[in-house]
Amino acid sequence: MEQTFIMIKPDGVQRGLIGDIISRFEKKGFYLKGMKFMNVERSFAQKHYADLSAQPFFAKLVEYIISGPVVAMVWEGKDVVLTGRRIIGATRPWEAAPGTIRGDYAVEVSRNVIHGSDSVENGKKEIGLWFPDGPSEWKSNLHPWIYE
Ligand code: DAT
Ligand code: MG
């Protein structure tokens, strides 16, 4: 099944949103396949956001990501990449619908609480970067109650 990389950014951790965010993905019917509470090095944050290195906000973005611990996760499920992005909401919180994580909890694009992979391919790349030993292999016994 499809997997995506989700990260609760330092503002989400500081603001006590970890439990709520995990709960939203769990209750939806996605499976947590990896989770790490960690501080990242500047060079690692630059690698994660390499595609944005030409953007004027790149340096600030990297400072923000290394400003405190983050929660790095792998979530699995049907269409989890796209659906995960829908649960997260639009990049700019003022465009994010109420009911989404950014719509409910964020105001500024530079403090938007959470990251989610934007494609299956990037999901694989990001999981490889953040979880070099691979995600966990466990299977949920709830599976037949969530998936036909
Ligand atoms: P997303 O996180 O929704 O995938 P993105 O990949 O375009 O969005 O950008 C990565 C992050 O960079 C985003 O979550 C917040 C930050 N960012 C994007 N645009 C920005 C801007 N104009 N000013 C400051 N930070 C920005
Ligand atoms: Mg992105």
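Taking the residues in the stretch 37-58 that are under 17 Å from the mean Cα position of the chain (by Cα) and open to solvent by 80 Å² or more (accessible area, probe 1.4 Å) as candidates, determine which candidate is nearest to ligand 1 (Cβ to nearest atom).
Result: Asp51.
Filter the stretch 89-105 down to residues that are without any contact (Cβ under 8 Å) to a residue 40 or more places away in the chain and of a type in the set (A, V, I, L, M, F, W, C) and give me whichever is surrounded by the most Cβ atoms within 10 Å (Cβ to Cβ).
Per the criteria, the residue is Ala96.
Going residue by residue through the stretch 109-132, is there one that turns out to be farther than 26 Å from Phe44 by Cβ, away from ligand 1 (no atom under 12 Å from the Cβ) and surrounded by fewer than 16 Cβ atoms within 10 Å (Cβ to Cβ)?
Taking every residue of the stretch 109-132 in turn, none turns out to be farther than 26 Å from Phe44 by Cβ, away from ligand 1 (no atom under 12 Å from the Cβ) and surrounded by fewer than 16 Cβ atoms within 10 Å (Cβ to Cβ).
Determine whether Tyr147 is among the aromatic types (Phe, Trp, Tyr), touching a Lys or Arg at 6+ places or on another chain (Cβ under 9 Å) and surrounded by 12 or more Cβ atoms within 10 Å (Cβ to Cβ).
no
Has the stretch 50-70 got any residue that is of a type in the set (Asp, Glu), over 18 Å from Ile22 (Cβ atoms) and not in a helix (DSSP H, G or I)?
Pass one, the stretch 50-70, residues of a type in the set (Asp, Glu): 51, 63.
Still in the list and also over 18 Å from Ile22 (Cβ atoms): 51, 63.
This time we only want the ones that are not in a helix (DSSP H, G or I), so: none.
No - not one qualifying residue is present in the stretch 50-70.
The values are calculated or read from the model by the stated rules, or taken from the named source; none is laboratory data. None of these values were measured; they are calculated from a predicted model. Positions of Cβ are generated from backbone atoms using ideal geometry, with glycine treated the same way; all protein chains shown enter the neighbour counts. In case anyone asks, the SASA skips ligands and DNA or RNA and just uses the protein heavy atoms, side chains included. Shrake-Rupley method; radii C 1.70, N 1.55, O 1.52, S 1.80 Å.
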